[in-house]
1. List, please: which pairs have Cβ atoms under 8 Å, are six or more places apart or on different chains, and start with a residue in segment 118-137 that is in contact (Cβ under 8 Å) with a residue 40 or more places away in the chain and end with one that is in a loop (DSSP other than H, G, I, E, B) and not acidic (Asp, Glu)?
2. Can you run down the residue pairs with Cβ atoms below 8 Å, 6 or more apart or on separate chains, where the first is in segment 76-92 and closer than 19 Å to GLU135 by Cα and the partner is open to solvent by 60 Å² or more (accessible area, probe 1.4 Å)?
3. Suppose we filter segment 61-79 for residues that are assigned to a helix (DSSP H, G or I) and either among the basic types (Lys, Arg) or in contact with a Leu (Cβ under 8 Å, 6 or more places away or on another chain) (or both); how many remain?
4. Counting only residues that are surrounded by 10 or more Cβ atoms within 10 Å (Cβ to Cβ) and among the basic types (Lys, Arg), which one in segment 99-146 is modelled with the highest pLDDT?
5. Just to verify a result, which residue in segment 4-27, among those that are touching a Lys or Arg at 6+ places or on another chain (Cβ under 9 Å) and not hydrophobic (A, V, I, L, M, F, W, C), is surrounded by the fewest Cβ atoms within 10 Å (Cβ to Cβ)?
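The values are calculated or read from the model by the stated rules, or taken from the named source; none is laboratory data. Please read these numbers as outputs of a predicted model, since none were measured by experiment. No Cβ is skipped: glycine too gets one built from the backbone with ideal geometry, and neighbour counts run over all protein chains shown. In case anyone asks, the SASA skips ligands and DNA or RNA and just uses the protein heavy atoms, side chains included. Shrake-Rupley method; radii C 1.70, N 1.55, O 1.52, S 1.80 Å.
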Amino acid sequence: LIVEVVTQMPTGAFADIYGRRISLALGNLFMALPMFLIAINPSPEIMWLYATMWGLGNSFCMGTSRPLLFETLKAEGKENLYPKIYSKSTIIFQISAAISIASGGYLYQISPSLPYYISGIASMFGLFTSFLFIEPKIDKNKFKISEFIRTNKAGFAEIFKNSYITKL
């Protein structure tokens, strides 16, 4: 969770600069790799590395999927459909998660590494399908490292203005 909080803004900036498809692809790659690594070597000593990789991957995906959906709908003049489509995708995600939880225990009984392999394969499917997306044309500023750093500093400063966050 800490990795996701810290990397959410930088991965979002990455997506703004390099594109949402690349960001989704990297996110799925970073979520697939630890699943395969856990299946091969479920060592508690390096579980932090697996969790870090997965958290980074989740940051890339979560910070990209919503803007990609909205920008695609906006490019087609259908942005008013965003709440409906997003809520349907959330319901599908929650149903999939429930099925995964239920089936994961069964698969683990067959082989402790099996749920991890299947999860890794699902993320690899996401990696390959992300290249099939057609990213809408949006105005992008020319990349400047100084602008990237300035934007991230401003974003982190805004986060830490919240007294609840600073108490964490």
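1. Here the result reads GLU135/GLY19, each pair linking segment 118-137 to a residue that is in a loop (DSSP other than H, G, I, E, B) and not acidic (Asp, Glu).
2. If the second residue must be open to solvent by 60 Å² or more (accessible area, probe 1.4 Å), the pairs left are GLU79/PHE70; TYR82/PHE70; TYR86/ARG66.
3. Residues of segment 61-79 that are assigned to a helix (DSSP H, G or I), as a first pass: 61-75, 79.
Cutting the leftovers down to either among the basic types (Lys, Arg) or in contact with a Leu (Cβ under 8 Å, 6 or more places away or on another chain) (or both) gives us 61, 64-66, 68, 73-74, 79.
Matching residues across segment 61-79 total 8.
4. Step by step, filter segment 99-146, then rank; the result is LYS144.
5. Here the answer is GLY19.
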